[in-house]
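Below is one structure, written out as structure tokens; comments come after it.
The values are calculated or read from the model by the stated rules, or taken from the named source; none is laboratory data. The structure displayed is predicted, hence computed values, not measured ones. Don't worry about glycine lacking a Cβ; one is built from the backbone with ideal geometry, like all the others, and counts go over all protein chains shown.
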Amino acid sequence: MNNSKNLLRSLLYLGIIFAVIALVIMLKRLLIFVSDEYIYPIPLLGDLLRGIEIVELSNIILFAVLGLGFGIACGVLPRHLGRKVSLFLLIPIVPILFNITGLVRYREWLREVGAQESLLPAEVQSMTNDFLHSRVGHKGYLGFYLFTAQYPVIPTNQQQMEEMQNVDNRVKARFNRMVGSQAWIVNFIFAAQGWILRLFYFAIAAIATIFHFQEGVKESEKFSRKRPKAQPASPQARVKKPLPQDSEIS
């Protein structure tokens with residue numbers, strides 16, 4: 001009986017966890033779509049908001065939902081076990097969900113390059129890999145992730161890729177002439193600006209997750225205290241058997 005009950009609790013816990021993760025992914029993709037379709041196309045302002053990846057501010061809400069869901073799910077398992085399992089799962093899940101934006105952007109970039117250059121998927125992959133490797137020394141999503149940390153706007157055709165190198169060199173040369181011997185500052189700023197922004201958004205996601213995870217645990221504990229406990233069965237009253245009466249002495 002206990003084994004069946006524990007199995008049911010484990011399945012319920014996993015069901016809640018998967019539902020929460022699916023909800024966060026769905027909402028994040030929806031917000032990315034809304035930002036791409038209605039916010040970033042706005043003249044001037046859209047480029048600024050794209051540069052700071054304003055959609056990442058939604059991490060406050062999305063990761064609050066994630067933490068709250070994991071915290072509430074703790075109530076399904078035994079108290080200390082539920083917390084340990086949830087925290088163990090959150091450690092890899094938070095950075096994975098945080099990087100969904102980058103993965104979506106990478107796939108959209110490949111699709112856009114293929115559409116503009118009329119290339120097959122294999123040709124698009126080869127072209128973009130060559131570009132990324134020439135700029136950051138890495139290919140694929142890793143190269144894209146490193147590149148977009150420095151450049152929020154990424155070229156979508158061969159001509160833009162060639163022009164971008166020239167523009168980048170001119171901008172850095174202009175700053176170098178302005179600061180003179182302190183040119184390393186310019187290189188550091190270009191290299192660090194995107195990482196600082198990503199670290200800020202990731203900190204928001206982590207803090208929101210931890211805080212609302214604790215709130216979810218509190219809510220699950222309140223529910224557990226309010227839930228009526230099964231009363232132990234009262235022992236049956238012992239029935240006294242009548243003692244055999246002595247036979248009358250005749």
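Can you spot a residue in segment 66-73 that is free of Cβ contacts under 8 Å to residues at least 12 places away in the same chain and either over 18 Å from the mean Cα position of the chain (by Cα) or under 23 Å from Ile207 (Cβ atoms) (or both)? No, there is no match, as no residue in segment 66-73 is free of Cβ contacts under 8 Å to residues at least 12 places away in the same chain and either over 18 Å from the mean Cα position of the chain (by Cα) or under 23 Å from Ile207 (Cβ atoms) (or both).
Taken over segment 134-176, the criterion of being within 23 Å of Ile52 (Cβ to Cβ), at pLDDT 70 or above and either among the basic types (Lys, Arg) or over 28 Å from the mean Cα position of the chain (by Cα) (or both) is satisfied by Arg135, Gln160, Met164. Applying a threshold of 6 Å to beta carbon distances and a minimum spacing of six or more residues, or different chains, the list of pairs starting in segment 136-165 at a residue that is free of Cβ contacts under 8 Å to residues at least 40 places away in the same chain and among the aromatic types (Phe, Trp, Tyr) and ending at one that is surrounded by 14 or more Cβ atoms within 10 Å (Cβ to Cβ) and in a helix (DSSP H, G or I) reads Tyr141/Tyr106; Phe147/Leu132; Phe147/Arg135; Phe147/Val136.
A residue that is under 15 Å from Gly69 (Cα atoms), part of a helix (DSSP H, G or I), out of contact with any strand residue (DSSP E or B) (no Cβ under 8 Å at 6 or more places or on another chain) and of a type in the set (Gly, Ala, Ser) occurs somewhere in segment 20-42.
For segment 83-101, does any single residue satisfy the condition of being assigned to a helix (DSSP H, G or I) and under 17 Å from Val34 (Cα atoms)?
Our first condition is that a residue be assigned to a helix (DSSP H, G or I); within segment 83-101, this holds for 83-98, 100-101.
Checking which are under 17 Å from Val34 (Cα atoms) leaves us with 100-101.
Yes, that holds for at least one residue.
Of all residue pairs spaced 6 or more apart or on separate chains, those with beta-carbon atoms under 9 Å, a first member in segment 30-54 that is within 19 Å of Gly194 (Cβ to Cβ) and a second member that is among the acidic types (Asp, Glu) and outside any helix (DSSP H, G or I) are Ser35/Glu53. Residue check: Val55 meets all listed conditions (1) more than 17 Å from Val104 (Cβ to Cβ); (2) surrounded by 12 or more Cβ atoms within 10 Å (Cβ to Cβ) but one, namely (1).
Might you check whether a residue that is surrounded by 15 or more Cβ atoms within 10 Å (Cβ to Cβ) and modelled with pLDDT of 90 or more occurs anywhere in segment 1-16? Yes, there is a match, as at least one residue in segment 1-16 is surrounded by 15 or more Cβ atoms within 10 Å (Cβ to Cβ) and modelled with pLDDT of 90 or more.
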